[in-house]
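The values are calculated or read from the model by the stated rules, or taken from the named source; none is laboratory data. Given the structure is predicted, the values throughout are model-derived calculations rather than measurements. So basically every Cβ, Gly included, is an ideal-geometry build from the backbone, and we count neighbours across all protein chains shown.
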Ligand SMILES: [Zn+2]
């Protein structure tokens with residue numbers, strides 16, 4: 001367009017810097033307790049420029065012209081901060097699982113999903129967070145859970161196992177605390193081929209380089225993780241999602257989750 005200066009169409013203006021600037025200003029101005037107290041109002045303010053009709057968040061109900069685009073291509077809800085994988089998981093739970101009267105334990109629970117589950121017809125909903133990153137009811141070491149055998153019908157273990165060195169111990173524990181017939185919903189970052197791990201890689205910077213995050217200790221493959229789950233007794237169901245589903249939810253075009261079933265009897 002050499003013949004004039006045209007304003008950018010609204011949808012193409014990158015609003016991410018504005019979102020981040022508002023967040024930074026709030027963090028710089030307010031002490032943490034106040035920040036937590038007014039988090040909802042601050043998020044509402046930061047989300048305002050995103051309002052529109054094209055997309056929606058199934059966790060908080062916000063309708064928007066666009067999501068916040070994160071560096072890895074993940075689309076974050078500006079209102080509640082939900083990630084695509086969390087919106088997908090909620091969609092799966094809503095459409096495929098009868099939550100009525102069930103008991104659930106949720107590891108590292110994102111707030112947006114925890115809020116929905118707390119309102120659901122679950123009989124018991126417990127949240128556990130080991131690192132103190134999320135609001136939780138318990139602080140459970142996954143490799144050594146202080147819970148009775150067969151305590152829960154449903155477990156949510158999303159993006160947790162790739163942080164745990166003794167992952168087979170954690171999987172045995174997941175199996176132990178599940179009731180027969182119960183299910184554990186599992187996801188981690190995945191790669192093609194074999195699991196990539198190396199116990200000599202220990203420093204945060206090396207882990208970032210090799211495993212993609214400073215506190216990850218391996219990268220699973222779908223086949224490799226499934227095999228480890230089977231080794232402790234689970235029957236593993238693989239769910240693959242492709243493009244074209246619920247396009248207004250800002251989901252990933254391709255995504256895999258594993259459902260680990262503890263067989264009955
Ligand atoms: Zn949302």
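Across the stretch 39-72, what is the number of residues that are free of Cβ contacts under 8 Å to residues at least 24 places away in the same chain, surrounded by fewer than 16 Cβ atoms within 10 Å (Cβ to Cβ) and more than 18 Å from the chain's Cα centre (by Cα)?
9
For the stretch 200-233, what are the residues that are in a loop (DSSP other than H, G, I, E, B) and under 12 Å from residue 189 (Cα atoms)?
Passing the criteria: 212, 213, 216, 217.
Taking the stretch 36-60 on its own, how many of its residues are in contact with a strand residue (DSSP E or B) (Cβ under 9 Å, 6 or more places away or on another chain), within 10 Å of the ligand (Cβ to nearest atom) and either in the same structural domain as residue 88 (by TED's automatic domain parsing) or assigned to a helix (DSSP H, G or I) (or both)?
Residues flagged as in contact with a strand residue (DSSP E or B) (Cβ under 9 Å, 6 or more places away or on another chain), within 10 Å of the ligand (Cβ to nearest atom) and either in the same structural domain as residue 88 (by TED's automatic domain parsing) or assigned to a helix (DSSP H, G or I) (or both) within the stretch 36-60 amount to 1.
Can you tell me which residue among 213, 202 is loosely packed, with under 14 Cβ neighbours inside 10 Å and out of contact with any strand residue (DSSP E or B) (no Cβ under 8 Å at 6 or more places or on another chain)?
When all the criteria are applied, what remains is 202.
Would the stretch 73-92 turn up any residue that is loosely packed, with under 14 Cβ neighbours inside 10 Å, under 22 Å from the mean Cα position of the chain (by Cα), at pLDDT below 90 and within 16 Å of the ligand (Cβ to nearest atom)?
No.
Restricting attention to the stretch 117-148, and to residues there that are within 16 Å of the ligand (Cβ to nearest atom) and surrounded by fewer than 16 Cβ atoms within 10 Å (Cβ to Cβ), which single residue is nearest to residue 170 (Cα to Cα)?
Looking at the filtered set, the residue picked out is 118.
Those residues that are more than 15 Å from the chain's Cα centre (by Cα) and not in a loop (DSSP other than H, G, I, E, B), I need them from the stretch 117-163; list them, please.
118, 119, 124, 125, 126, 138, 152, 153, 154 - these are the residues of the stretch 117-163 that are more than 15 Å from the chain's Cα centre (by Cα) and not in a loop (DSSP other than H, G, I, E, B).
For residue 96, are the conditions met, namely being more than 24 Å from residue 39 (Cα to Cα) and either surrounded by fewer than 18 Cβ atoms within 10 Å (Cβ to Cβ) or modelled with pLDDT under 95 (or both)?
Working: more than 24 Å from residue 39 (Cα to Cα): yes; either surrounded by fewer than 18 Cβ atoms within 10 Å (Cβ to Cβ) or modelled with pLDDT under 95 (or both): yes.
In short, yes.
Suppose the filter is without any contact (Cβ under 8 Å) to a residue 12 or more places away in the chain and either under 21 Å from the mean Cα position of the chain (by Cα) or surrounded by fewer than 18 Cβ atoms within 10 Å (Cβ to Cβ) (or both); does residue 246 pass it?
No, not satisfied.
Tell me yes or no: at least one residue of the stretch 164-178 is under 23 Å from residue 94 (Cα atoms), assigned to a loop (DSSP other than H, G, I, E, B) and touching a helix residue (DSSP H, G or I) at 6+ places or on another chain (Cβ under 8 Å).
No: the stretch 164-178 contains no residue that is under 23 Å from residue 94 (Cα atoms), assigned to a loop (DSSP other than H, G, I, E, B) and touching a helix residue (DSSP H, G or I) at 6+ places or on another chain (Cβ under 8 Å).
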